[in-house]
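The values are calculated or read from the model by the stated rules, or taken from the named source; none is laboratory data. Just so it is clear, the model here is predicted, and its values are computed rather than measured. Cβ: placed from backbone, ideal geometry, glycine included. Neighbour counts: every protein chain shown. Calculation scope for accessible area: heavy atoms of the full protein, side chains included, ligands and nucleic acids excluded. Shrake-Rupley method; radii C 1.70, N 1.55, O 1.52, S 1.80 Å.
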Amino acid sequence: MTMFNLPEYREPPFDEPPLKNAPPARTAPAPSDGTAPPGFHALSIFPEYFKVDGIGGKSAWLLPAESRMDCVPVLREPASGPWIDAVEFRRLKRGDLVVVGRTEDGSEGIYVDSLAFCEREKESKDAFAFRTGRSRETAYSRDYDELYKLLRYEKEHGYIVWVLGPAVSFDHDSRNAMTQLIEKGYAHAILAGNALATHDLEGAAFKTALGQDIYTQEGRANGHYHHLDLLNMARLHGSVEKLIEMEKLNDGIVYAAMKNRIPMVLAGSIRDDGPLPEVYGNVYEAQDAMREHIRKATTVVALATQLHTIAAGNITPSYAVRDGKVRPVYFYSIDVSEFAVNKLRDRGTLSVIPIVTNIQDFLVLLKNNI
């Protein structure tokens, strides 16, 4: 079995022209709370460097340790030394020193390293070739093999975040596979919505999901009440933890997460039933809770949930700084729909690795191979 090795990141050549002669990045104060100055720079998913004066009497290129797409870079200048903060518009305070400039080649003291973790001199490829996209016709064998190695590595050295849609809990085998992945240490946090948790708990209480038997897929009499009964029970007990204790539920994804102290962030939506007591009803509170784990993430695996996948993707950079070193953050999007996995790339998450497949088959393969 070959071991997984993180690719080595090579910093851009700041000691060579034209970056050597680049001017310092310009800043302008935020004119009011929640408002950036004209010409503000917006961050991408890639490593971005900002040239700043006054560090040990000379200039230096600073990389935000925690970045996020569509935030603005703010220069912080504490006594310990300057650093770049990635700030959401809603968190800007009047007077914050926002970096301004919209070039990315260093000419304004801003350099976007879009070739991070890639060979800077790519080998020439044919201008015309077949099957260059990612679709249901793509062979994913290599992607699976690399994911197996990655997850084994990340179990001990990284932070694996799962973004789960309700389809994960609709099938007996996929539900059990995800449960075993949690129990074996391949999950450090779970991001989901009310539906995933509700139907998983419905499976624990009634062995159904949306009223269908999770093994035979046959409808149960009055089964359409099951998720509502489950939600009512949870709200009666006041918490999911108390529901599990009082109703003696002892299987499934939510149960495994709680037993193994794996945090779950359940972000609500306008169409939610109930919802469960732990669901965030305020979208910005949910976003903050999600970002708490995305900041730590080194691998994100998103399964069959287009909206939650895009939400997670939009706050996930392509890199992380760990122990002073820059490393990639891996983002997988898995769905049976080509449209769903490709839409994330269209929304800016250019580093995503899409796999078009049935979620149940994906999880069982994953469980059997790691």
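Of the residues Asp323, Asp33, ranked by 1.4 Å probe accessible area with the largest first, the sequence reads Asp323, Asp33. When you filter the GluC sites (Glu not before Pro) in segment 132-239 for DSSP loop state and at most 13 other Cβ atoms inside 10 Å of their Cβ, you are left with Glu137, Glu218. Placing dummy labels 7 Å off each Cα toward the beta-carbon, the span from Asn21 to Tyr225 is 8.0 nm.
Please work out the C-alpha center-to-center distance from segment 23-74 to segment 182-202 and express it in whole Å. About 36 Å separates the Cα centre of segment 23-74 from the one of segment 182-202.
What FRET efficiency, computed as 1/(1 + (r/R0)^6) with R0 = 45 Å and r the Cβ-Cβ distance, is obtained for Glu104 and Glu183, rounded to the nearest 0.05?
That gives a FRET efficiency of 0.50.
What does the net charge come to around Ala267 if you take all other residues with beta carbon closer than 13 Å to its beta carbon, with K and R at +1 and D and E at -1? Intermediate results must be reported in sequence, preceding the final value.
Details: positive: Arg271, Arg291; negative: Asp272, Glu278, Glu285, Asp288, Glu292.
Result for the local shell: -3.
Residues with beta-carbon under 12 Å from that of Arg152, excluding Arg152: net charge, scoring Lys, Arg +1 and Asp, Glu -1? Present the calculation step by step, with values, prior to reporting the outcome.
Numbers: positive: Lys149, Lys155, Lys184; negative: Asp145, Glu146, Glu154, Glu156.
Net charge in that neighbourhood comes out at -1.
Listed cross-link partners Lys51/Lys343; Lys184/Lys259; Lys259/Lys296; Lys149/Lys296 are compared with a 24 Å cut-off, the Cα-Cα value being larger for Lys51/Lys343.
Using a probe of 1.4 Å on the protein chains alone, the accessible area found for His157 is around 120 Å².
Residue by residue, segment 26-33 carries 3J(HN,Hα) couplings of 8, 10, 9, x, 4, x, 7, 4 Hz when phi is fed to the Karplus relation 6.51 cos²θ - 1.76 cosθ + 1.60 (θ = phi - 60°); x denotes Gly or Pro. Scanning residues 5 or more positions from Ala209 or on other chains, those with amide H under 5 Å from its amide H are Ile214, with H placed 1.01 Å from N in the peptide plane. Per-residue extension of 0.36 nm, minus the Cα-Cα distance of Lys248 and Arg152, leaves a gain of 31.3 nm for this segment. Distance between the pseudo-spin-label points of Asp323 and Leu365 (7 Å out from Cα toward the beta carbon): 3.2 nm. Rolling a 1.4 Å probe over the protein heavy atoms gives the chain an accessible area of 50 Å² per residue.
At a 10 angstrom cut-off on C-beta neighbours, averaged per residue, how do the peptides 230-242, 159-171, 72-84 rank from highest to lowest? The partial results should precede the final answer.
Values: 230-242: 16.8, 159-171: 24.1, 72-84: 15.1.
Highest-to-lowest ranking by the protection proxy: 159-171, 230-242, 72-84.
The length gained on full extension between Ala28 and Glu218, counted as 0.36 nm times the residue separation minus their Cα-Cα distance, comes to 62.2 nm.
Applying 1/(1 + (r/R0)^6) with R0 = 45 Å to the Cβ-Cβ distance of Arg261 and Asp70 gives a FRET efficiency near 0.90.
Within segment 7-67, the chymotrypsin sites (Phe, Trp or Tyr not before Pro) that combine a DSSP coil assignment with at most 16 other C-beta atoms in a 10 angstrom radius are Tyr9, Phe14.
Straightening the chain between Ser239 and Arg91 buys 50.2 nm, computed as 0.36 nm per residue apart minus the Cα-Cα spacing.
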